[in-house]
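For reference, the structure discussed in these notes is given below.
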Amino acid sequence: MPNAYISGTGGYVPEQIVTNDDLRDGYGIDTTHDWIVKRTGIEARRFAPEGTCSADLAVPAARKAIANAGLTEADVDMIVFATLSPKHAFPGDGVLLQEKLGLCEQGRFIPAMDLRNQCSGFLYGLAAASSMVQSGMVRHVLLVGGETHSAALDLSTRGRTVSSLFGDGAGAVIVSPTDEDRGIRGWYLGADGRFADVLCQKVWDMSKRPFFPVPEGREGPGRVEPEMMWAHMEGRQVFKNAVERMIQVLVSACWDQKIDLADIDLFCFHQANMRINQMVAQTMGIPEEKLIHNIQKYGNTTAATIPLLLAEAEESGRLVRGMKVACVAFGSGFTWGSAILDW
Ligand code: ACO
């Protein structure tokens, strides 16, 4: 059985930078730069322009990852697309990306799989992609995490707790087979559906008939309250569970791989909140210089945070061949995961 490794990385964020001051001055949100930075570490985020969906952001990220792997679009055998902000309810963004990459035009009718595991989506995707590569059924999997949160944020004072956290972006990797002694050594996933309502954006409820929202301020069909269009988050519950589960799933990975935390050269944590990551690092005695962050400039890009981090770290020379990397994520569901990689 071959090993599966990440043969290429790529990232893309839209051009528009929205600072914390822009949230206050441009959108009229009652907030301050200091409030947001103190509680989350976020200084700015990117917003994609009208007319752009997650699959659009994924195109440049995917192209960079494919090129960095030394491949062309025609070499990709499968797409796995992780997002909580797809363009439509169905179909998912995987097929949209396939078409936008020009694969359909080339007659490359490869499978396109969509994953809905929110902030853990990239690590769930890495588990799926590496298992399929190792099985020998596919060679090169294009795994993407991409989000356009800006379209669905309540950018008013009412929604400030959530809307100050999120931004748009996409990250992509290619998962490929290798006979070399390197790659994705193990992945560890978990979920606890008892917390499904603690962090969610319901939009509709298929148990209601009809399921779509009652038009605001009007009589009409529909059984769902308009508030369901916005994300709901019980922040302190999320914080507490994130710290506990991230520690647990990182310890499990080290235990299973028979490695010490000190053997890990780079920790690539999901970027939900700088304070969550600092608390995990402090509790486990991880030195600051082994952690990488991009939350300051991009906010929480959900499924895109880890592949964006990997792409930027590789591009800057911070992540090089031979390093041992630990990726850890926690998110809505609750879901969580970790992976140990020999780069
Ligand atoms: N600016 C100014 N004031 C704000 C803002 C803001 N952006 N957001 C909330 N407030 C106000 C609230 O309205 C509230 O005001 P009130 O006391 O008058 O009612 C006050 O600040 C305190 O609100 P809390 O929600 O209790 O603030 P808390 O200290 O818990 O911080 C936060 C909120 C930052 C969300 C925190 O709970 C947290 O970090 N939770 C983790 C959640 C997280 O990181 N989620 C990311 C997505 S999930 C994931 O990716 C894993």
Quiz item: If only one of ASP114, ASP34, ASP75 is more than 30 Å from GLY136 (Cα to Cα) and either modelled with pLDDT of 95 or more or in contact with a Pro (Cβ under 7 Å, 6 or more places away or on another chain) (or both), which one is it?
Solution: ASP34
Quiz item: When you look at GLY186, is it away from the ligand (no atom under 11 Å from the Cβ) and in contact with an Asp or Glu (Cβ under 7 Å, 6 or more places away or on another chain), yes or no?
Solution: yes
Quiz prompt | Given (1) of a type in the set (Val, Ile, Thr); (2) surrounded by 14 or more Cβ atoms within 10 Å (Cβ to Cβ); (3) within 16 Å of the ligand (Cβ to nearest atom); (4) over 21 Å from PHE122 (Cα atoms), index of the condition ILE17 fails | solution = (3)
Quiz item: Is there a residue in segment 238-250 that is more than 16 Å from the ligand (Cβ to nearest atom) and of a type outside the set (Phe, Trp, Tyr)?
Solution: no
Practice problem: Tell me which residues, restricted to segment 24-42, are within 13 Å of the ligand (Cβ to nearest atom) and touching a strand residue (DSSP E or B) at 6+ places or on another chain (Cβ under 9 Å). | Solution: TYR27, HIS33, THR40, ILE42
Quiz item: Any idea which of (1) under 20 Å from the mean Cα position of the chain (by Cα); (2) not in a helix (DSSP H, G or I) is the one ARG321 doesn't satisfy?
Solution: (1)
Quiz item: From the set of residues in segment 131-158 that are buried (at least 24 other Cβ atoms within 10 Å of the Cβ) and out of contact with any helix residue (DSSP H, G or I) (no Cβ under 6 Å at 6 or more places or on another chain), which is nearest to ARG116 (Cα to Cα)?
Solution: HIS149
Quiz prompt | From the options ILE66, ILE110, ILE6, residue that is touching a strand residue (DSSP E or B) at 6+ places or on another chain (Cβ under 8 Å), assigned to a strand (DSSP E or B) and open to solvent by less than 50 Å² (accessible area, probe 1.4 Å) | solution = ILE6
Quiz item: Which one of these does VAL198 not meet: (1) surrounded by fewer than 16 Cβ atoms within 10 Å (Cβ to Cβ); (2) touching a helix residue (DSSP H, G or I) at 6+ places or on another chain (Cβ under 8 Å)?
Solution: (1)
Self-check item: Of residues in segment 266-295 being away from the ligand (no atom under 14 Å from the Cβ), of a type outside the set (Lys, Arg) and assigned to a helix (DSSP H, G or I), the one nearest to the chain's Cα centre (by Cα)
Solution: ALA281
Quiz prompt | Residue count, segment 114-130 (criterion: within 15 Å of the ligand (Cβ to nearest atom) and open to solvent by 20 Å² or more (accessible area, probe 1.4 Å)) | solution = 4
Exercise. Scan segment 225-252 for residues that are in contact (Cβ under 8 Å) with a residue 60 or more places away in the chain and farther than 24 Å from LEU84 by Cβ and jot them down.
Key: SER252
Quiz item: If you scan segment 78-107, which residues turn out to be acidic (Asp, Glu) and surrounded by fewer than 17 Cβ atoms within 10 Å (Cβ to Cβ)?
Solution: GLU99, GLU105
Practice problem: Determine whether segment 210-228 contains at least one residue that is at pLDDT 95 or above, loosely packed, with under 15 Cβ neighbours inside 10 Å and not in a strand (DSSP E or B). | Solution: no
Practice problem: State all residues of segment 246-300 that are touching a Cys at 6+ places or on another chain (Cβ under 7 Å) and under 28 Å from SER163 (Cα atoms); if no residue qualifies, say none. | Solution: CYS268, HIS270, ALA272, ILE292
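The values are calculated or read from the model by the stated rules, or taken from the named source; none is laboratory data. Computed from a predicted structure; not experimentally measured. For neighbour counting, all protein chains shown are included, and Cβ atoms are generated from backbone atoms with ideal geometry for every residue, glycine included. Ligands, DNA and RNA are stripped out before the accessible areas are found, and what is left, the full protein with its side chains, is counted by its heavy atoms. Shrake-Rupley method; radii C 1.70, N 1.55, O 1.52, S 1.80 Å.
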